[in-house]
Amino acid sequence: MTGPAAVLELFRSRFGGTADGVWFAPGRANLMGEHTDYNEGFVLPFALGQGIVAAAARRSDRRLVLCSAQEPGSLVEVALDALAPGQVTGWAAYPAGVAWALACAGYQVPGACVAIDSDVPAGAGLSSSAALECATALVLADPAADRRELAAIARRAENDFVGVPSGIMDQSASLLGRRGHALLLDCRSLEASQVPFDPAASGARLLLINTRASHELTAGEYGRRRAECEQAARLLGVPSLRYLTDVGDLRRLTDPVLRRRARHVVTDNQRALEVAGLLTSGSGDPYPAIGRLLTQAHRSLRDDFEISWVEADATVDAALAAGALGARMIGGGFGGSVLALVRQDAAEPVRAAVAGAFARRSWTAPEFLEAAPSDSARRLGLLMSRREGGSSAGT
Ligand code: GLA
């Protein structure tokens with residue numbers, strides 16, 4: 001987790017005075033279920049230890065003033081009563097959008113100064129923007145606010161204020177994740193359950209590999225996939241692709257592209273449930289089977305959904321050749337990160353193989369990140385955070 005002391009110092013230097021508190025919201029990785037959330041399907045993400053920290057203090061006027069360690073020199077000030085979609089652009093649109101969406105949902109949103117710092121690489125497919133939204137939601141909302149409602153509000157900010165047509169997975173992982181667990185979320189009923197997920201206990205390990213090919217969800221392909229899924233559902237006469245559980249039903253789609261898109265969604269829903277089942281069954285070592293499902297999912301994302309990218313394919317190939325149990329791209333696609341599942345003793349050979357594959361092609365070296373299933377967004381104790389204690393000081 002990025003240091004609370006650094007964000008308090010940023011607050012002091014940009015705003016003067018002392019913050020009322022420090023809040024943290026994690027990024028996420030996704031074990032299974034990609035592009036299934038907006039199809040009302042199943043996802044199985046987990047909160048990361050890395051995320052956004054925000055030091056904030058209330059203001060008595062109706063203004064939101066924002067600065068970020070990642071945007072040195074930029075200070076964005078917005079009038080809460082004049083907020084409207086499209087009016088704030090760039091990174092500040094995410095926190096401003098949350099203020100707007102909270103007000104739309106009937107919250108009394110206070111003026112505030114907010115200083116932000118992050119240790120989630122942006123564009124790495126690890127939901128730094130959802131973490132920013134969720135940290136802002138905790139800063140501005142009533143502490144007793146329902147987390148599922150906050151997730152829906154943060155998603156609304158992203159969809160309607162920022163203009164990215166994403167689903168509910170990232171905000172749910174950030175606000176509902178739990179240490180040592182993945183979150184099985186039914187995106188139709190929004191029923192969420194915690195699935196025990198502790199690879200180390202079985203001698204396995206997750207490697208999160210930022211391929212450094214950065215993605216941009218607003219670039220159109222994400223929305224195009226979403227539209228294709230909706231069209232496939234319409235042609236099949238169902239409210240969403242979630243209603244299909246048998247790939248045989250997809251024969252009625254005559255367009256081969258739509259059929260492949262739908263096949264990915266139907267099979268990834270099945271894989272998400274299968275992985276959750278393996279993790280909860282408690283019988284034997286679930287990781288070899290989970291590894292195989294990860295690799296199947298990668299092929300489905302690459303060949304049927306067509307959202308993988310060359311660095312991700314090379315990472316998966318190199319990891320598997322070096323003995324990984326399985327690997328796949330995660331997130332929206334076209335850039336970002338790969339999640340590989342390895343036996344503890346294969347971690348170093350897999351890292352070396354991936355680094356070597358990048359070096360041979362003269363690509364920027366990949367970044368290897370920790371991927372520990374971690375706790376959800378929370379307020380950090382101020383005394384504790386001043387001492388850099390932060391990680392378990394939730395209130
Ligand atoms: C992005 C979106 C999510 C989800 C994933 C793909 O992260 O924000 O809602 O659709 O892509 O699974």
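The values are calculated or read from the model by the stated rules, or taken from the named source; none is laboratory data. Worth saying up front: this structure is predicted, and the values here are computed from it rather than measured. Here the Cβ positions follow ideal geometry from the backbone for every residue, glycine too, while neighbour counts run over all protein chains shown. Note: accessible area is taken over every heavy atom of the protein model, side chains too, but ligands, DNA and RNA are not part of it. Shrake-Rupley method; radii C 1.70, N 1.55, O 1.52, S 1.80 Å.
Restricting Trp91, Trp23, Trp100 to those that are in a strand (DSSP E or B) and not β-branched (Val, Ile, Thr) reduces the list to Trp23.
Scanning the range 275-303 for residues that are open to solvent by 30 Å² or more (accessible area, probe 1.4 Å), closer than 22 Å to Arg188 by Cα and in contact (Cβ under 8 Å) with a residue 40 or more places away in the chain returns a single hit, Thr280. Filtering the range 325-336 to residues that are of a type outside the set (D, E, K, R) and away from the ligand (no atom under 11 Å from the Cβ) leaves Leu325, Gly326, Ala327, Gly335.
Looking at Asp117, is it open to solvent by 10 Å² or more (accessible area, probe 1.4 Å), touching a Gly at 6+ places or on another chain (Cβ under 8 Å) and either outside any helix (DSSP H, G or I) or free of Cβ contacts under 8 Å to residues at least 60 places away in the same chain (or both)? Yes: the conditions hold for Asp117. Quick one: is Val76 surrounded by fewer than 24 Cβ atoms within 10 Å (Cβ to Cβ) and either farther than 22 Å from Leu44 by Cβ or of a type in the set (A, V, I, L, M, F, W, C) (or both)? Against the criterion (surrounded by fewer than 24 Cβ atoms within 10 Å (Cβ to Cβ) and either farther than 22 Å from Leu44 by Cβ or of a type in the set (A, V, I, L, M, F, W, C) (or both)), Val76 qualifies.
All told, Ala122 meets the bar of being in a loop (DSSP other than H, G, I, E, B), in contact (Cβ under 8 Å) with a residue 40 or more places away in the chain and of a type in the set (Gly, Ala, Ser). Scanning the range 312-324 for residues that are surrounded by fewer than 24 Cβ atoms within 10 Å (Cβ to Cβ) and in contact (Cβ under 8 Å) with a residue 40 or more places away in the chain returns Ala314, Asp317. Within the range 39-58, is there a residue that is within 15 Å of the ligand (Cβ to nearest atom) and open to solvent by 10 Å² or more (accessible area, probe 1.4 Å)? Scanning the range 39-58 turns up at least one residue that is within 15 Å of the ligand (Cβ to nearest atom) and open to solvent by 10 Å² or more (accessible area, probe 1.4 Å).
Residues that are under 17 Å from the mean Cα position of the chain (by Cα), loosely packed, with under 13 Cβ neighbours inside 10 Å and within 15 Å of the ligand (Cβ to nearest atom): find the strands (runs of 3 or more DSSP E) completely inside the range 175-224 holding 3 or more of those.
In the range 175-224, there are no strands (runs of 3 or more DSSP E) which contain 3 or more residues that are under 17 Å from the mean Cα position of the chain (by Cα), loosely packed, with under 13 Cβ neighbours inside 10 Å and within 15 Å of the ligand (Cβ to nearest atom).
Confirm whether Ala151 is under 17 Å from the mean Cα position of the chain (by Cα) and surrounded by 24 or more Cβ atoms within 10 Å (Cβ to Cβ). When the stated conditions are applied, Ala151 passes them.
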